[in-house]
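Values in this text are rule-based calculations from the coordinates and carry no lab data. Fair warning: this is a prediction, and the values are worked out from it, not measured in the lab. For neighbour counting, all protein chains shown are included, and Cβ atoms are generated from backbone atoms with ideal geometry for every residue, glycine included.
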Amino acid sequence: MNELRKIPNVGKATQKSLEQMGFFTIESLKGVKAEELYERECAIKGCSIDRCQLYLYRAVEYWINTPEPAPELCRWWNWKDVEENDR
């Protein structure tokens, strides 16, 4: 299995997108912001993609940059946009 597929929520399509952006390892994603990944993928595809991909990238960012990530927070739907006062 490809190393990127070890990241929760990363399937074949997201793996391909990450590789198109130049990310081939988990280490290469450390410190990269979800919003940057989302914007880069939109630019590569030439259109705005579903915001669920941004939520997925937020979960990826959390998982990669957190020493002991909580399993509940590794689920992409926990990273949807919320009002600032709801956090």
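Figures for the structure shown
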{"item": "Subset tally (residues that are in a helix (DSSP H, G or I) and free of Cβ contacts under 8 Å to residues at least 40 places away in the same chain) for segment 12-29", "result": "12"}
{"item": "Condition met for Arg58 (surrounded by 12 or more Cβ atoms within 10 Å (Cβ to Cβ) and basic (Lys, Arg))", "result": "yes"}
{"item": "Conditions (1) among the aliphatic types (A, V, I, L, M); (2) more than 10 Å from the chain's Cα centre (by Cα); (3) in a helix (DSSP H, G or I); number of the one not met by Ile49", "result": "(3)"}
{"item": "Residue check for Val32: of a type outside the set (Phe, Trp, Tyr), within 21 Å of Glu3 (Cβ to Cβ) and assigned to a loop (DSSP other than H, G, I, E, B)", "result": "yes"}
{"item": "Inter-residue pairs, beta-carbon under 7 Å, first under 16 Å from Glu19 (Cβ atoms) and in segment 36-65, second exposed (fewer than 14 other Cβ atoms within 10 Å of the Cβ) and among the polar types (S, T, N, Q), 6+ apart", "result": "Ile44/Gln20"}
{"item": "Residue count, segment 18-48 (criterion: surrounded by 12 or more Cβ atoms within 10 Å (Cβ to Cβ), out of contact with any Lys or Arg (no Cβ under 6 Å at 6 or more places or on another chain) and closer than 19 Å to Arg75 by Cα)", "result": "8"}
